[in-house]
Amino acid sequence: MSEVVENEKTGALAGMAADWSSDQRAFKGVPWHKAMMWVFLLSDTFIFACFLISYMKVRITTTLPWPSSSEVFALTINGHHIPLLLIAIMTFILITSSGTMAMAVRFGYQKNKNMTGFLLIVTALLGASFVGMQAFEWTKLIVEEGIRPWGNPMGAEQFGAVFFMVTGFHGFHVSVGVIFLIITAVKVLRGSYDNETPGFMTGRKGNYEIVESMGLYWHFVDLVWVFIFAFFYLW
Amino acid sequence: MSTATTHDETSYVPPAEVGEMELYHAKTWLGKYVFSQDAKVIAIQYAFTAIAIGMVALVLSLLMRLQLGFPNAFSFITPTAYYQYVTMHGMIMVVYLLTALFLGGFGNYLIPVMVGARDMVFPFLNMLSFWIYFLAVVVLVASFFVPGGPSGAGWTLYPPQAILEGTPGTEWGIILMLISLFMFIVGFTMGGLNYVITVLQARTRGMTLMRLPLTVWGIFIATILALLAFPALLVSCIMMLLDILLGTSFFMPALVSMGEQLEYGGGSPILFQHLFWFFGHPEVYIVALPAFGIVSDLLSVHARKAIFGYRMMVWAIVAIGGLSFIVWAHHMYVSGMNPYFGFFFATTTLIIAVPTALKVYNWVLTLWRGNIHLTVPMYFAIGFIFTFVNGGLTGLFLGNVTVDLPLSDTMFVVAHFHMVMAVSPVLVVFGAIYHWYPKITGRMLHDGMGMFHFWFTFIGSYAIYYPMHYLGFLGVPRRYFSLGNTDFIPASAASLNQAISIAAIIVGITQLVFIYNLVWSLFNGKKASDNPWNATTLEWQTATTPPGHGNFGKELPKVFRWAYDYSVPGADKDFIPQNEPPRS
């Protein structure tokens, strides 16, 4: 903690230079798993960036017209044609789950076992409902509109290919996140982090800071969704 | 007390910020040696697997040379088989041998022990990393035994040809190749996160970043490159697998094959090339940067002299790492991309020569007036400077668009990248093994066999690759199964090819001496002391040789100085270990 106080005195840049030229740790006070999560997310950012750039590239190269997003992604309710309705709900749910995750991290640092566990489960449920709605959306696109990865009745076949690939890859991230949220929640609720119970496979002691690393991943998945939303549904 | 002070010496070492690392102590034989969570065991597992699969790739290259030197003399080398050899040789050597050996092998062994940590920060993840890598190798090897054999698309796997009928291995080979690469990347990422975080967050007391040996710097920056470059390959693997298995058209334009219009349409083959080389060029430096780092340490130790311009060397590694991400399209000058791109990428490519040349000058200046000990590792390190300068200079030819166009896809390219990316790093690998073998096994390697190995490999490499430049100037194309009758290639090219092939076979056989040396010395080698080369870095200061689980004894070493205190005026010995406190 003393480093933090020192940094405030000397300014952020000088503090950073001091940390990086010091021994032992470049990021003072940051646990290993949190530093690892940041580096992993940087690598994952490159994966999603490559996906999105590939999407833009094939959208430019294909010779057939690109299906209109306001037509394809619309729902018809009571005879009303409402574009982007489902996707608006999905986005709202995912952003909300980011909020509950942030609250879980805060309660985690207060070592409030029950609230942390409860909020992690709420986050997991919101994530699961997002994946569920995505499954509904995919079903609608495949069954009702006849969109396949190799072709569709509306135009460029790359539309289905990139859409299913990128949203599928993102949905996979969300699903993995939900699984780990549940695991973390179980560990919180049975007191593994209060008692520093060693992990099943790694043997490392449990710790509430793990909730924050979990949160980093979850916020990242949300952030990626914002980009996917903009590039696939609004373009 | 003399008045001479060393470069970066402090008597104060800050207190420990965190407690000791919790080590995992395996109780069973399986847990200790097979599914081990000790970075040193994982390193040896990585090295074994990488060298074993590398030997397969070496044999493949000799089979190619047999066909080129003695066309059609061996009936089992069909054109199909030849293309499969080309593909598998390239992919194995670049990814499964060099990347795995430098980062998984040397990285795992050297990083924890050089930065003064008891182990990698995530031992369990590290163990998973190796086993996923191992499975990736198994999947790759399996492609030799499936119907149609391995892919013959060339190591760059360019679509559309990589997945269209007519290319060898389109039934199964290409699918297994892509799955294997996918697994490799997943496994590597697990290890790579370990290496990065161990360097950043788990150094011992007194070990600042600017006191790290250059070996660690090289491996550290190379790992960051890998973590940012492999995603592009991962994405292209996924998209190509979808093109093959689901019939999507990411990389496939509308085309006619075997007289029939295919179902594909609208995709971009150039997109694959961009993604591939966005991975592929940093990959060159993923292999080269650890070699740069290791060779700096070898030269310094065996010349008994501080590395010249340590800070400059560190920043050159960082600069090369950064620049390597904005030069990728110099592999694509003939792909039909916009000529202005060629201008941009030629410029960045030539800029990268600046930090690289700076490193070469510093290596030479380290030798300048040093107390050079001509040990076997030193021979390999000096040999590296020669081959690297040679390969680097031809890189300037190929980096310029106008010079590249006539040389593209000729033997000149083959000669260039084998000099700079194959021979050079491999010489460093050998040097590093001769240097650290005593620490890893507790025994010295046999010097005589080592000298024999060096001279035959070094001169042999020149015998192989020098004439290849000339063949390239003649216009002899690469990747051709046979040249046939052409007006522009004189008959003498064939005899030159023969000479190259004979040299290649001799160099290939020489490697058996090296393998024999590794095994022989394990049992009969001279017992090594804890610090046979009188080196300063922490791996030589361990309590036992080889270091036990946890690397150091009861207490972690404290670091008082940088890694290069050799021949310090006024000191008792010609080296001062990093953990030796200053005399007061």
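Summary table below
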quantity	calculated
So B:Ile221, is it closer than 30 Å to B:Gln578 by Cα, more than 9 Å from every other protein chain (Cβ to nearest Cβ), within 20 Å of the chain's Cα centre (by Cα) and not hydroxyl-bearing (Ser, Thr, Tyr)	yes
First in the range B:190-204 and at the interface with chain A (Cβ under 7 Å from one of its Cβ atoms), second anywhere and aromatic (Phe, Trp, Tyr) and part of a helix (DSSP H, G or I), Cβ under 7 Å, 6 or more apart	B:Leu193/A:Phe40; B:Val196/B:Phe220; B:Ile197/A:Trp32; B:Gln201/A:Trp32
Qualifying helices (runs of 4 or more DSSP H) (wholly inside the range B:373-491; at least 2 residues being touching a residue at least 24 places away in the same chain (Cβ under 8 Å) and crowded, with 23+ Cβ neighbours inside 10 Å)	B:376-399, B:411-417, B:424-441, B:447-474
Within the range A:129-160, tally of residues that are within 14 Å of chain B (Cβ to nearest Cβ), out of contact with any strand residue (DSSP E or B) (no Cβ under 6 Å at 6 or more places or on another chain) and assigned to a loop (DSSP other than H, G, I, E, B)	5
Some residue of the range B:129-141 being touching a helix residue (DSSP H, G or I) at 6+ places or on another chain (Cβ under 9 Å) and part of a loop (DSSP other than H, G, I, E, B)	no
Within the range A:11-63, considering residues that are touching a Pro at 6+ places or on another chain (Cβ under 9 Å), facing chain B (nearest Cβ under 7 Å) and of a type in the set (Gly, Ala, Ser), the one nearest to A:Ile210 (Cα to Cα)	A:Ser43
The listed residue being in contact with a helix residue (DSSP H, G or I) (Cβ under 9 Å, 6 or more places away or on another chain) and within 14 Å of chain A (Cβ to nearest Cβ), out of B:Phe122, B:Phe102, B:Phe70, B:Phe106	B:Phe122
Residue among B:Ser521, B:Ser501, B:Ser529 that alone is more than 14 Å from chain A (Cβ to nearest Cβ) and either on the phi > 0 side of the Ramachandran plot or in contact with a strand residue (DSSP E or B) (Cβ under 6 Å, 6 or more places away or on another chain) (or both)	B:Ser521
Given (1) surrounded by 13 or more Cβ atoms within 10 Å (Cβ to Cβ); (2) closer than 30 Å to B:Arg583 by Cα, index of the condition B:Glu20 fails	(1)
Residue list for the range B:505-532, filter: over 24 Å from the mean Cα position of the chain (by Cα) and of a type in the set (Phe, Trp, Tyr)	B:Trp520, B:Phe523
Unique match (being more than 10 Å from chain A (Cβ to nearest Cβ) and within 25 Å of A:Leu64 (Cα to Cα)) among B:Ser268, B:Ser236, B:Ser257, B:Ser249	B:Ser257
Of residues in the range B:73-99 being β-branched (Val, Ile, Thr) and not in a helix (DSSP H, G or I), the one nearest to the other protein chains (Cβ to nearest Cβ)	B:Thr78
Conditions (1) more than 14 Å from every other protein chain (Cβ to nearest Cβ); (2) closer than 19 Å to A:Ile53 by Cα: number failed by A:Phe163	(1)
Residue list for the range B:296-354, filter: polar (S, T, N, Q) and touching a Gly at 6+ places or on another chain (Cβ under 7 Å)	B:Thr349
Some residue of the range B:188-203 being more than 30 Å from B:Gly267 (Cα to Cα), touching a strand residue (DSSP E or B) at 6+ places or on another chain (Cβ under 8 Å) and not aliphatic (A, V, I, L, M)	yes
One residue from B:Thr510, B:Thr545 being outside any loop (DSSP other than H, G, I, E, B) and under 27 Å from B:Ile294 (Cβ atoms)	B:Thr510
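Every number here is computed from the coordinates shown, using simple stated rules; none is lab data. Predicted, not measured: the structure shown is a model, and the values here were computed from it. Cβ sites come from the backbone with ideal geometry, for glycine too, and all protein chains shown count toward neighbours.
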